[in-house]
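Colleague: Sharing a structure with you now.
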Amino acid sequence: MDASLTPRFIQSTTFGEITGVKTKRSKYLAQIFKKSKIPYQETRDMHKWQLCHLAMVIPIADAYYEARCPKEVGLEKDIMQRTAKRLKRNFSFLKKKLGEISPIKLNIFIILPVNILAFALRFLFNSSFGDKFMYRHSMRARDEMIRLHREFYGYMQVLRRR
């Protein structure tokens with residue numbers, strides 16, 4: 001087993017009560033993470049956070065599934081371009097419908113031009129971080145990611161009609 005936590009600046013372990021209110025239970029969980037030295041953040045709107053997380057991880061997984069050689073997808077410029085467009089589209093749509101992106105740093109997908117985003121993705125997909133936290137998960141959880149893809153884009157269609 002090879003277990004790791006994503007670096008704090010990328011993504012702390014995130015949790016929150018469905019009501020958005022801090023409870024005894026959430027305070028206790030925060031204490032456990034703190035004592036264990038696990039970077040964490042509590043969010044008031046876990047639903048929004050999860051949607052934004054899916055808006056990012058689904059296009060990343062899709063890139064691997066569309067690649068001729070998933071391990072080397074970062075070399076496929078057309079897929080990096082398509083992935084950048086999907087990320088920009090997903091986050092622009094969610095910002096319009098939800099009013100904000102969570103966490104706020106994910107607004108980078110809206111701000112960066114597609115070509116710069118695609119260029120950055122090439123490095124990310126080819127990095128050891130990409131291998132450990134993106135490639136391996138996408139390859140091992142293919143059925144889960146495909147189902148999440150269907151459910152997320154289906155949910156976006158519901159939001160679009162609102």
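Colleague: On the basis of being out of contact with any Gly (no Cβ under 6 Å at 6 or more places or on another chain), of a type outside the set (Asp, Glu), under 17 Å from ILE58 (Cβ atoms) and touching a residue at least 24 places away in the same chain (Cβ under 8 Å), does LEU87 make the cut?
Modeller: So LEU87 fits the description; yes.
Colleague: While we're here: What is the residue count in the stretch 15-48 for residues that are touching a helix residue (DSSP H, G or I) at 6+ places or on another chain (Cβ under 7 Å), at pLDDT 90 or above and either in a loop (DSSP other than H, G, I, E, B) or not aromatic (Phe, Trp, Tyr) (or both)?
Modeller: 5
Colleague: Quick one: would you say PHE93 is aromatic (Phe, Trp, Tyr), over 20 Å from MET134 (Cα atoms) and either in contact (Cβ under 8 Å) with a residue 24 or more places away in the chain or open to solvent by less than 70 Å² (accessible area, probe 1.4 Å) (or both)?
Modeller: Judged against the criteria, PHE93 is a match.
Colleague: Related question: Considering only residues that are loosely packed, with under 14 Cβ neighbours inside 10 Å, in a helix (DSSP H, G or I) and of a type outside the set (S, T, N, Q), which ones fall in the stretch 109-119?
Modeller: ILE111, ILE116, listed by residue number.
Colleague: Considering only the stretch 129-162, state which residues are farther than 17 Å from TYR65 by Cα, in a helix (DSSP H, G or I) and open to solvent by 100 Å² or more (accessible area, probe 1.4 Å).
Modeller: Listed by number, the residues that qualify are ARG160, ARG161.
Colleague: What pairs can you find where one residue is in the stretch 23-52 and at negative phi and open to solvent by 40 Å² or more (accessible area, probe 1.4 Å), the other is part of a helix (DSSP H, G or I) and aromatic (Phe, Trp, Tyr), and their Cβ atoms are less than 6 Å apart, with a gap of 6+ or different chains?
Modeller: Close Cβ pairs (under 6 Å, with a partner that is part of a helix (DSSP H, G or I) and aromatic (Phe, Trp, Tyr)) amount to TYR40/PHE33.
Colleague: Still on this structure, I have one more. Looking at (1) over 13 Å from the mean Cα position of the chain (by Cα); (2) open to solvent by 80 Å² or more (accessible area, probe 1.4 Å), which is the only condition LYS105 fails?
Modeller: Unmet condition: (1).
Colleague: Moving to a separate point now. Got a sec? Which of TYR155, TYR135 is in contact with a Pro (Cβ under 8 Å, 6 or more places away or on another chain) and hydroxyl-bearing (Ser, Thr, Tyr)?
Modeller: TYR135 is the lone residue from the list that is in contact with a Pro (Cβ under 8 Å, 6 or more places away or on another chain) and hydroxyl-bearing (Ser, Thr, Tyr).
Colleague: Step by step: first the residues of the stretch 53-73, then only those that are buried (at least 20 other Cβ atoms within 10 Å of the Cβ) and among the small types (Gly, Ala, Ser), then the one that is nearest to the chain's Cα centre (by Cα). Which residue is that?
Modeller: ALA55
Colleague: Scan the stretch 142-151 for residues that are under 12 Å from VAL57 (Cβ atoms) and without any contact (Cβ under 8 Å) to a residue 60 or more places away in the chain and jot them down.
Modeller: The answer is GLU144, and nothing else.
The values are calculated or read from the model by the stated rules, or taken from the named source; none is laboratory data. All values derive from a computational prediction rather than experimental measurement. Using ideal geometry, Cβ is built from the backbone for each residue, glycine included, and neighbour counts are taken over all protein chains shown. Note: accessible area is taken over every heavy atom of the protein model, side chains too, but ligands, DNA and RNA are not part of it. Shrake-Rupley method; radii C 1.70, N 1.55, O 1.52, S 1.80 Å.
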